[in-house]
Amino acid sequence: MKQKLLAMGRTLCPSSRAESDLDLKAPAGAASSPQGQGEKMVMRREISLANGICLIVGNMIGSGIFVSPKGVLLYSTSYGLSLVIWALGGMFSVFGALCYAELGTTITKSGASYAYILEAFGGFLAFIRLWTSILLVEPASQAVISLTFANYLVEALYPTCQPPYDAVRLIAAACLCMLIFINCAYVKWGTLVQDVFTYTKIMSLILIITIGFIKIITGETKNFDSPFEGSSVEAGNIALALYSALFSYSGWDTLNFVTEEIVNPERNLPLAIAISMPIVTIIYLLTNVAYYVVLDMPSFMASDAVAVTFGNQVLGPMSWIVPIAVAMSCYGGLNASIIAASRLFFVGAREGHLPDSLSLIHATRYTPIPALLFNCMMGLIFLCVEDVFQLINYFSFSYWLYVGLSVAGLIYLRYTQPDRHRPVKLTLLFPFIYCVCSLFLIIVPLYSDTVNSLIGIAIALSGVPVYYLCIYLPDERRPRWVSRLNAAVTKYTQIMCCCCLTDLVVDTENLAESKTQ
């Protein structure tokens with residue numbers, strides 16, 4: 001069936017394109033197949049080093065720094081311990097990002113942890129990771145960011161009362177749909193939006209930090225007189241506080257989702273990670289210091305929009321600047337999340353773990369339109385969930401489980417494929433520390449937050465029968481209606497979206513080394 005769909009794609013799509021574009025769509029020497037069938041249909045390499053830095057910073061600095069400070073303080077119960085947890089979260093994320101720099105330059109496929117688990121442990125665990133992402137991780141995180149965008153935007157109009165529930169939901173949905181349209185149009189449009197909004201969010205956080213430093217210089221430091229008084233000592237509470245902080249740091253793997261679209265990934269991927277992580281960690285620590293200088297504990301805990309409450313206390317009539325700036329920050333974070341999630345679904349479909357229709361890209365724009373539309377549908381469904389912090393708890397458990405598993409895959413591949421080409425090669429101390437910390441973050445909530453943890457496990461296990469029926473069984477034993485539906489949906493998606501099935505460009509040198517191992 002795959003061959004028939006590829007033949008149909010060649011009919012629907014142009015077979016020749018401008019010679020000057022060859023290097024954007026396939027590596028040198030791979031533009032033509034051995035049979036001379038024409039240029040391969042692949043994603044363009046359009047993401048530069050600057051775009052990569054903006055993707056990572058833009059996704060990390062999304063809604064988390066404006067929502068999660070409350071969660072961190074809620075479980076740590078003191079300003080001093082909460083700052084320690086923010087610092088630990090930054091260190092933990094740096095270790096993970098360094099591991100992903102090695103994985104991304106060794107396994108040069110898009111898809112981040114899905115691609116790495118697939119390479120190290122095979123199709124079953126990779127599918128379960130993909131299944132969890134579809135049903136929980138990606139739509140939950142996008143719903144949190146879009147709802148935070150809407151809350152901050154509407155709160156500027158309702159400074160003294162609760163904003164209307166329906167208005168917030170509709171604005172969040174409109175924000176999501178607009179960004180899906182932009183990313184369907186052109187990849188460059190999506191990266192341009194990312195660059196602009198990343199610069200905006202950094203400027204807004206610099207404003208908050210500057211105000212905090214002015215307060216410290218003028219001697220307003222009474223909130224730090226006894227910073228560790230009343231600190232929580234329970235392991236479960238500390239783990240949940242770390243979860244909230246890590247939600248803000250999540251996003252350092254964004255660039256690994258689009259590895260196949262990066263210009264010179266062996267250089268630009270690790271360099272973008274190395275530049276982005278210190279920037280974000282320093283900004284987060286200084287922003288929280290500014291929050292704690294201005295807001296006392298009761299004011300902090302009573303606020304659902306910490307940055308807006310901060311602005312109301314220190315900016316007076318200009319306080320409207322903060323909610324608008326925060327909304328723009330969330331908009332950029334949501335854009336980065338959409339870019340990453342759509343590539344995850346695209347790669348999963350290309351590997352045969354999702355319907356073929358999701359592996360289509362537009363014939364002339366080279367954007368994964370079906371995957372983007374599917375991402376939009378899932379995000380809109382999750383906008384119906386009311387409790388944002390509940391979404392964070394679901395998201396954290398599942399997300400860190402699979403990120404930890406992919407880092408464990410790095411260790412596994414070191415032993416099973418020791419001679420594999422690795423442009424970036426770390427000491428094994430980093431992945432070992434990261435795996436131990438991930439294990440702690442996964443086990444502790446099973447006792448302190450059992451219900452949410454069991455929900456995450458149940459969602460993952462629900463993918464087992466789907467994997468067995470739709471992937472594990474040979475074609476002749478699968479339900480016939482599944483194959484027919486897949487073929488029909490793919491056919492009409494190609495026609496309606498003017499899309500083609502993509503070719504996988506294989507690094508023959510690395511493939512030969514892998515087979516030798």
- Query: Hey, any hits in segment 238-251 for a residue that's open to solvent by less than 10 Å² (accessible area, probe 1.4 Å), closer than 28 Å to Trp400 by Cβ and part of a loop (DSSP other than H, G, I, E, B)?
  - Reply: yes
- Report, by residue number, each residue of segment 423-451 that is surrounded by 17 or more Cβ atoms within 10 Å (Cβ to Cβ) and closer than 18 Å to Ala97 by Cβ. Val424, Phe430, Pro431, Tyr434, Cys435, Cys437, Ser438, Leu441
- Please determine, by comparing only the residues of segment 44-59 that are crowded, with 24+ Cβ neighbours inside 10 Å and either among the charged types (D, E, K, R) or modelled with pLDDT of 85 or more (or both), which one is farthest from Tyr366 (Cα to Cα). Val57
- Item | Out of Gly71, Gly96, Gly80, Gly89, sole residue that is over 15 Å from Ile433 (Cβ atoms) and touching a helix residue (DSSP H, G or I) at 6+ places or on another chain (Cβ under 6 Å) | Gly71
- Task: Considering only segment 126-220, give the helices (runs of 4 or more DSSP H) lying wholly within it that have at least 1 residues that are farther than 30 Å from Asn288 by Cβ.
- Result: 165-185, 187-217
- Considering segment 252-279 alone, what residues qualify as being of a type in the set (Val, Ile, Thr) and in a helix (DSSP H, G or I)? Thr254, Val258, Thr259, Ile273, Ile275, Ile279
- Those residues that are open to solvent by 10 Å² or more (accessible area, probe 1.4 Å) and either within 14 Å of Gly62 (Cα to Cα) or not in a helix (DSSP H, G or I) (or both), I need them from segment 280-292; list them, please. Thr281, Ile283
- Message: Just the residues that are surrounded by 19 or more Cβ atoms within 10 Å (Cβ to Cβ) and either in contact (Cβ under 8 Å) with a residue 24 or more places away in the chain or farther than 18 Å from Cys384 by Cα (or both), please, taken from segment 155-172.
- Response: Glu155, Ala156, Ala172
- By residue number, the members of segment 459-484 that are more than 21 Å from Gly122 (Cα to Cα), without any contact (Cβ under 8 Å) to a residue 40 or more places away in the chain and of a type outside the set (Phe, Trp, Tyr) are Glu476, Arg477, Pro479, Arg480, Val482, Arg484
- Query: Within the bounds of segment 409-422, is there any residue that is closer than 17 Å to Ser133 by Cβ, open to solvent by less than 30 Å² (accessible area, probe 1.4 Å) and either at pLDDT 90 or above or in contact with a helix residue (DSSP H, G or I) (Cβ under 6 Å, 6 or more places away or on another chain) (or both)?
  - Reply: yes
- Item | Out of Ala336, Ala363, sole residue that is surrounded by fewer than 24 Cβ atoms within 10 Å (Cβ to Cβ) and out of contact with any Asp or Glu (no Cβ under 9 Å at 6 or more places or on another chain) | Ala363
- Task: Output the helices (runs of 4 or more DSSP H) that fall wholly within segment 399-499 and possess 1 or more residues being under 25 Å from Glu351 (Cα atoms), or say none.
- Result: 450-461, 463-467, 480-497
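The values are calculated or read from the model by the stated rules, or taken from the named source; none is laboratory data. Since this is a predicted model, take the numbers as computed values, not measurements. In this analysis, Cβ positions are derived from the backbone assuming ideal geometry, glycine residues included, and neighbour counts consider all displayed protein chains. Note: areas computed on protein heavy atoms with side chains; ligands, DNA, RNA excluded. Shrake-Rupley method; radii C 1.70, N 1.55, O 1.52, S 1.80 Å.
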